[in-house]
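Notes for the one structure printed next.
The values are calculated or read from the model by the stated rules, or taken from the named source; none is laboratory data. A quick note: this is a predicted structure, and the numbers were derived from the prediction, not measured. Here the Cβ positions follow ideal geometry from the backbone for every residue, glycine too, while neighbour counts run over all protein chains shown.
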Amino acid sequence: MLVNDHNITAITTTVPKCIKIRSNIELPSAYRVTPHRYGFITTLKVGESFEVNGDTPDYTPKSLASGVYQVASRYRKTTNRNFKVACRTIEGTSSNPIRSACWRTR
């Protein structure tokens, strides 16, 4: 797209006082670096598992699968393409689990 000189001069060239221009600031990586509550699953060895029930502080059986699969997906994309986990409802229904577990399968 061509821009004529008239449009270029119409752009404001002064920086507002509330904006601070900085130099030499490192650009963060594209992936979030914030730790995920289920980030520890990357340390599991094949065959190891853990369980979450209603008594587990800060963890709920209902959020186990979605959280674990999210971490596993990111880990596969960045570190280990062969990393696989499986989550199952041990007690209750899939829509309302009372006890859930996760296994590292590969």
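Taking the criterion of being within 21 Å of the chain's Cα centre (by Cα), assigned to a strand (DSSP E or B) and in contact (Cβ under 8 Å) with a residue 40 or more places away in the chain, the residues of the range 87-106 that qualify are SER100, ALA101, CYS102, TRP103, ARG104. Can GLY39 be described as small (Gly, Ala, Ser), closer than 24 Å to TRP103 by Cα, surrounded by 10 or more Cβ atoms within 10 Å (Cβ to Cβ) and at pLDDT below 90? Criteria not met by GLY39.
Just the residues that are of a type in the set (Gly, Ala, Ser) and either assigned to a loop (DSSP other than H, G, I, E, B) or under 16 Å from the mean Cα position of the chain (by Cα) (or both), please, taken from the range 37-64.
From the range 37-64, those of a type in the set (Gly, Ala, Ser) are 39, 47, 49, 54, 63; that's our starting set.
Answer for the range 37-64, where residues must be of a type in the set (Gly, Ala, Ser) and either assigned to a loop (DSSP other than H, G, I, E, B) or under 16 Å from the mean Cα position of the chain (by Cα) (or both): GLY39, GLY47, GLY54, SER63.
Restrict the check to the range 65-80 and report whether at least one residue is surrounded by 10 or more Cβ atoms within 10 Å (Cβ to Cβ), assigned to a loop (DSSP other than H, G, I, E, B), in contact with a strand residue (DSSP E or B) (Cβ under 9 Å, 6 or more places away or on another chain) and not small (Gly, Ala, Ser). No - not one qualifying residue is present in the range 65-80.
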